[in-house]
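S.K.: The structure that follows is given in the form of structure tokens.
The values are calculated or read from the model by the stated rules, or taken from the named source; none is laboratory data. Source: prediction; values computed, not measured. Cβ sites come from the backbone with ideal geometry, for glycine too, and all protein chains shown count toward neighbours. Calculation scope for accessible area: heavy atoms of the full protein, side chains included, ligands and nucleic acids excluded. Shrake-Rupley method; radii C 1.70, N 1.55, O 1.52, S 1.80 Å.
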Amino acid sequence: MLPAIVIGALYGSTKEQAAAIYANTFAQLGFVTLAFDQVYMGESVGEPRHVASPDLYAESFSAAVDYLGTKAKHVNREQISVIGISGGAGFALSAAAVDTRIKSVVTISMYDMTDIREMANLAPEQLFQLKDQLSKQRWDDFENGQPDYHPSFPEEPYDSMADLPNHDKLTNEWLRFYALKRGFHPNARGTATTTSNLAMLEFSALDYIKEISPRPILFIYGDNAHSRSYSERAYYLANQPKQRLIVEDCVQ
């Protein structure tokens, strides 16, 4: 019987990108691996497309464990782990907090997409304005028959960094992978529908992170990563056993 790893796609990404690379690498090391698209994304079902639902995103990790423990005949049920990457990492932790079949968790360049308040550094009045704007957008979406959606990445990849639009440094950090041929995928346009942020505002992925213990968590992130604060906050909140692997001279 073999150990297994569930690898979720990054937020706004597809399984063919980073998740598949990790899955292929670990498969060569002797693990049974399963990389999946989140609901409403990539080749997964669900309408309307590009909706982000944090509870369903966490549920997808458990659904993958369902599959590995029943359909994959050579999987050891006592050795199933999950890897969450970037914006998918918070949902991996959320799933592990309640699903005891997940025996260990690894996060890589973690973002907690449910922590919009910190991401946007919103004052109380700004937070109310955001909620009000998004709430009223639901009326517009209903009347239009589809949700408002503004993709972050182009329909066709750029040939080189020189072709990228003149964005801020952080935006270009995403574009230099997702908007160039090496990382581009037509099903991964980035971000989610506008009103998906309401769901993120009412869900907190790290509320029960302490309950993952005594199962271990490994947090991997770069020393210069923009995401570093999210990994360090999660590390602080988690109980032992936990470990950090900080990659030197790394921006991811």
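S.K.: Of PHE153, PHE203, which residue is over 30 Å from ALA97 (Cα atoms), among the aromatic types (Phe, Trp, Tyr) and touching a helix residue (DSSP H, G or I) at 6+ places or on another chain (Cβ under 9 Å)? Steps first, please.
M.R.: Details: PHE203 fails: over 30 Å from ALA97 (Cα atoms).
Going through PHE153, PHE203 in turn, the sole match is PHE153.
S.K.: Within segment 72-115, can you find the residues that are polar (S, T, N, Q) and either closer than 30 Å to LYS131 by Cα or outside any strand (DSSP E or B) (or both)?
M.R.: Narrowing segment 72-115 to residues polar (S, T, N, Q): 76, 79, 81, 86, 94, 100, 104, 107, 109, 114.
Answer for segment 72-115, where residues must be polar (S, T, N, Q) and either closer than 30 Å to LYS131 by Cα or outside any strand (DSSP E or B) (or both): SER86, SER94, THR100, THR107, SER109, THR114.
S.K.: If a residue has to be farther than 17 Å from GLY84 by Cβ and part of a helix (DSSP H, G or I) to count, how many in segment 49-68 make the cut? Working first, answer last.
M.R.: Of segment 49-68, the ones farther than 17 Å from GLY84 by Cβ are 49-51, 66-67.
With part of a helix (DSSP H, G or I) added as a condition, the list becomes 66-67.
Looking only at that region, the number is 2.
S.K.: Please go through segment 170-204 and give me each residue that is in a loop (DSSP other than H, G, I, E, B) and open to solvent by less than 20 Å² (accessible area, probe 1.4 Å), ordered by number. Write out each step before concluding.
M.R.: Kept after step one, since they are in a loop (DSSP other than H, G, I, E, B), are these residues of segment 170-204: 179, 181-195, 202-204.
Passing the criteria: ALA179, GLY183, ALA188, GLY190, ALA192, THR193.
S.K.: Name the single residue that is nearest to the chain's Cα centre (by Cα) among those in segment 219-252 being of a type in the set (Ser, Thr, Tyr) and more than 15 Å from GLY87 (Cβ to Cβ). Give the derivation first.
M.R.: Step one: of segment 219-252, the residues of a type in the set (Ser, Thr, Tyr) are 221, 227, 229-231, 235-236.
Imposing the further condition that a residue be more than 15 Å from GLY87 (Cβ to Cβ) reduces the set to 235-236.
On the way: TYR235: 17, TYR236: 20 Å.
Restricting to residues being of a type in the set (Ser, Thr, Tyr) and more than 15 Å from GLY87 (Cβ to Cβ), the top hit is TYR235.
S.K.: What tally of residues in segment 46-105 results from selecting those that are aromatic (Phe, Trp, Tyr) and open to solvent by 10 Å² or more (accessible area, probe 1.4 Å)?
M.R.: At the first step, the residues of segment 46-105 found to be aromatic (Phe, Trp, Tyr) are 57, 61, 67, 91.
Those left that are additionally open to solvent by 10 Å² or more (accessible area, probe 1.4 Å): 67.
Here the count works out to 1.
S.K.: State yes or no: is ILE246 open to solvent by less than 40 Å² (accessible area, probe 1.4 Å), touching a helix residue (DSSP H, G or I) at 6+ places or on another chain (Cβ under 9 Å) and modelled with pLDDT of 95 or more?
M.R.: Details: open to solvent by less than 40 Å² (accessible area, probe 1.4 Å): no; touching a helix residue (DSSP H, G or I) at 6+ places or on another chain (Cβ under 9 Å): yes; modelled with pLDDT of 95 or more: yes.
Considered against the rule, which asks whether it is open to solvent by less than 40 Å² (accessible area, probe 1.4 Å), touching a helix residue (DSSP H, G or I) at 6+ places or on another chain (Cβ under 9 Å) and modelled with pLDDT of 95 or more, ILE246 comes out as no.
S.K.: Pairs needed: first member in segment 216-228, under 21 Å from ALA97 (Cα atoms); second member anywhere, open to solvent by 40 Å² or more (accessible area, probe 1.4 Å) and part of a loop (DSSP other than H, G, I, E, B); C-beta distance under 7 Å; at least 6 residues apart or different chains.
M.R.: Within 7 Å, the pairs are PRO216/PRO241.
S.K.: May I pose another question? Restricting to segment 116-132, what's the tally of residues that are surrounded by 14 or more Cβ atoms within 10 Å (Cβ to Cβ) and not in a helix (DSSP H, G or I)?
M.R.: Looking only at that region, the number is 1.
S.K.: Next question. Could you list, in sequence order, the residues of segment 15-48 that are in a loop (DSSP other than H, G, I, E, B), under 19 Å from ALA95 (Cα atoms) and within 13 Å of the chain's Cα centre (by Cα)?
M.R.: LYS15, ASP37, GLN38, VAL39, MET41
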